Amino acid sequence: MNCCLYRTFKGSVFIMNQIAHASYIALEYDVAIDWFQRLLRQDPYRYENLDLYSNILYIKENYGELANLAFNIF
């Protein structure tokens, strides 16, 4: 996804979160997974919208990454 705001505000976790959320709403799960992974690398203690990320992992049947997410959060 080519986003003008993200190019302007490189590394903004708010904008990364919004892009991931928009990708989830647009049913672009692979794109959303990439953005959520970038977001967690940038801010590993983030909880906002991780429910969406876990839903995507469940839908994509990526149970290993889902277990890893649950383990790292708690």
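The values are calculated or read from the model by the stated rules, or taken from the named source; none is laboratory data. Not measured: the values here are computed from a predicted model. Please note: Cβ atoms are built from the backbone with ideal geometry, for glycine as well, and neighbour counts cover all protein chains shown.
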(request) Select from the stretch 27-41 the residues that are among the charged types (D, E, K, R) and either exposed (fewer than 14 other Cβ atoms within 10 Å of the Cβ) or over 13 Å from Asn17 (Cα atoms) (or both) and list them in ascending order. (result) Glu28, Asp30, Arg41
(request) Within the stretch 42-74, count every residue that is under 10 Å from the mean Cα position of the chain (by Cα) and loosely packed, with under 11 Cβ neighbours inside 10 Å. (result) 1
(request) Kindly list, by first and then second residue, each pair from a residue in the stretch 55-71 that is closer than 16 Å to Asp30 by Cα to a residue that is of a type in the set (Ser, Thr, Tyr) and surrounded by 14 or more Cβ atoms within 10 Å (Cβ to Cβ), limited to pairs with Cβ atoms under 7 Å and residues at least 6 apart or on different chains. (result) Ile56/Tyr24; Ile56/Tyr29; Ile59/Tyr29; Lys60/Tyr29; Leu66/Ser54
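Just name the residue that is modelled with the highest pLDDT out of those in the stretch 4-14 that are in a helix (DSSP H, G or I) and either surrounded by 17 or more Cβ atoms within 10 Å (Cβ to Cβ) or of a type in the set (Phe, Trp, Tyr) (or both).
In the first step, residues of the stretch 4-14 are kept if they are in a helix (DSSP H, G or I); the result is 4-8, 13-14.
Right, trim to either surrounded by 17 or more Cβ atoms within 10 Å (Cβ to Cβ) or of a type in the set (Phe, Trp, Tyr) (or both) and you get 6, 14.
Details: Tyr6: 69, Phe14: 91.
Only one residue tops the list, namely Phe14.
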(message) Within the stretch 22-73, considering only helices (runs of 4 or more DSSP H) that don't extend past its boundaries, which have at least 2 residues that are touching a Lys or Arg at 6+ places or on another chain (Cβ under 7 Å)?
(response) 29-42
(message) I need every pair where a residue in the stretch 14-27 that is in contact (Cβ under 8 Å) with a residue 12 or more places away in the chain has its Cβ under 6 Å from the Cβ of a residue that is among the hydroxyl-bearing types (Ser, Thr, Tyr), sequence separation at least 6 or different chains.
(response) Ile15/Tyr6
